[in-house]
Amino acid sequence: MNQFVTEWNTWRDSRNSALAKPFGWLSVVGLHWLDVESTWSDAPGTFTVEDGWVTVSLDSGINAGPAAETFDLLSGGSAAAGGNGAGNGNGAGNGSGAGFGAGFGAGTGNAEATRATSPSVPSDTSTLPAVTSQAANDGGDGDVSTDAHHGPAPRPQVRVEDHGFSAKLPAGGSLNWFTVGNVLYELIDRGGRLGVRVRNSKSPLLGKFFEVPVFDPDPDFVFLAHFTRFDPFPTYTIETAQEDLQLQTQAAGTVTFETQHGEVSLLATGCPVTGLQLDFHDGTNGSTTAAWRTIDLGVPNQDGSLVIDFNRAVNYPFAFTSFATCPAPIEGNVVPFDVTAGERRPPFFYSEAGINVPFLFYVWWDDESAEVTRPWYSRFGLDITILNPNHDDARVSLVGFDGVAMSGGDLSPLGRKARSRLIDVATEALTSRIPVIGIGAYSAFVIQAQRELRSQQGYADGIDVEYAAPEDRLLIVMNNELEPQKAGFDIVHTDASGLLYVEMPFDIPLESERTEVEDFQASLEADKPISSWQEFDYRMVSLIRRHR
């Protein structure tokens, strides 16, 4: 067991290091699909497409140079300008649930040797073998490999122009093309669409990165499997992380393994000669994990045996940025049990709105409120990871989160471990001096954590009687890291320990008559009273964003 954990920790450290590279996936700040002629506000020039060639004509005063991959293609023997060249790529949830006030507004062989040990960062291409072998492997050096069916992967072609660069990609290809200062421009082909992805080595997400959250290593999620190869490889149409983009992928065969839930059979992609890959869904997706994850299976043994170690399941790039085109699993690739192993859903994410405001939310909600409030948060600017205190019992580090809240109208459904967990989470938040908010009956956990923490620190606050809200009002308790009055809340009480108390009436509608975010903001600026739980949530999000 010690060796198992030691090897896993080494693998995890390497994975985090691979992600933290200057032009890795955490540096991605934009994706622009190209027309015949394209530019954008901070583009280095104008991009034109003709006969599959993409040419950038640089604006006056722009100093650009070929990226390392382009330079290799230009300087290599068969990589001369206009020819084929090989290069090593050095490119690289939403949670769902209820609102802050939800529930109140709606009514209250030696297979071990084949285990993948290199934590490669998956690319965001289709896993069609001829494509995968040459696609940028983000954060590590992508090898040019040979597939038994397709032969050597096609290579990009590049040229230097008088005032820019030109390049032509094979289908599904990627090319780290040219750089301007600390910005790298990557050319991609996805399903026949050409685009330019922008990577900035000084991106805010890269600067914020510490580590990817994970489940604790568990040998119960390691399975001996058998690989059965397809001949020929069947082709499937799959969805991607981009809603308007579908790709083609080929299944190399099936991997079958026995579990306590019965036999499981899934489709593997990649190549049996150079390495297989398993993309899968499971019941944790959308709550504690991203919408899907992937595992590098390595090369199967001669007898088809291999190891599937879900502790090494990793996030695709779309879990970190909205500018990835990652392939979804082939339809039906669903593990029939919760895979509480491997990487969890990252709290950090970058989109057109910039870096997100990641927030951890423990809540016991009712389904009606959850359905109504689910779309509010990303629209209001908060990226919430929803956890159920009774069901999600794994410890979650607050590293990377900008705060934590806990909400519920009744303590009776909570078991002893769930209550203890909420107190521990509140204590960690208070100790780390990040915002912590307790709503309704769950405010008791914030209060208890603060009392115990102050006592351990030697303070005697002399609080004999706790503040109690009237029966027709909801109690919200928060630490003094927050300034609720700046978000339109009235502080009704401040206790000797420094906790702040706010109240809300129960008898307000769940949804607001306001429809635009600008209307919610105007109401806040005009200091109008909160007239719905939707507006309450907007004010709470504003409170957290102001703190940040």
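Since every read-out is calculated from the coordinates, none of them should be taken as a lab result. Keep in mind the model is a prediction, meaning the values are calculated, not measured. All Cβ positions, glycine included, derive from the backbone under ideal geometry; neighbour counts span all protein chains shown.
Some notes on this structure:
- Those chymotrypsin sites (Phe, Trp or Tyr not before Pro) in the stretch 163-250 that DSSP places in a loop and that have at most 16 other beta carbons within 10 Å: F210, F230
- For the listed peptides 167-176, 466-475, a ranking on the average number of other beta carbons within 10 Å per residue, highest first, reads 167-176, 466-475.
- Counting all C-alpha pairs of the stretch 438-498, share separated by more than 17 Å (%): 42
- Shape class of the stretch 186-291 from the alpha-carbon gyration tensor: oblate, with a/c at 1.5 or above and b/c at least as large as a/b.
- Normalised convex hull volume, the stretch 313-434, alpha-carbon set, Å³ per residue: 145
- Normalised Debye scattering of the stretch 468-510 at q = 0.22, 0.26, 0.33 Å⁻¹ gives log10 I(q)/I(0) of -0.74, -0.95, -1.21, counting only Cα atoms as equal scatterers and leaving out solvent.
- The C-alpha radius of gyration of the stretch 357-547, expressed as a fraction of 2.2 N^0.38 Å, stands at 0.99.
- Net charge contributed by nearby residues that have their C-beta within less than 12 Å of V502 (K/R +1, D/E -1): -1
- Amide proton proximity set for F230, modelled H, under 5 Å, gap of 5+: G253, T254
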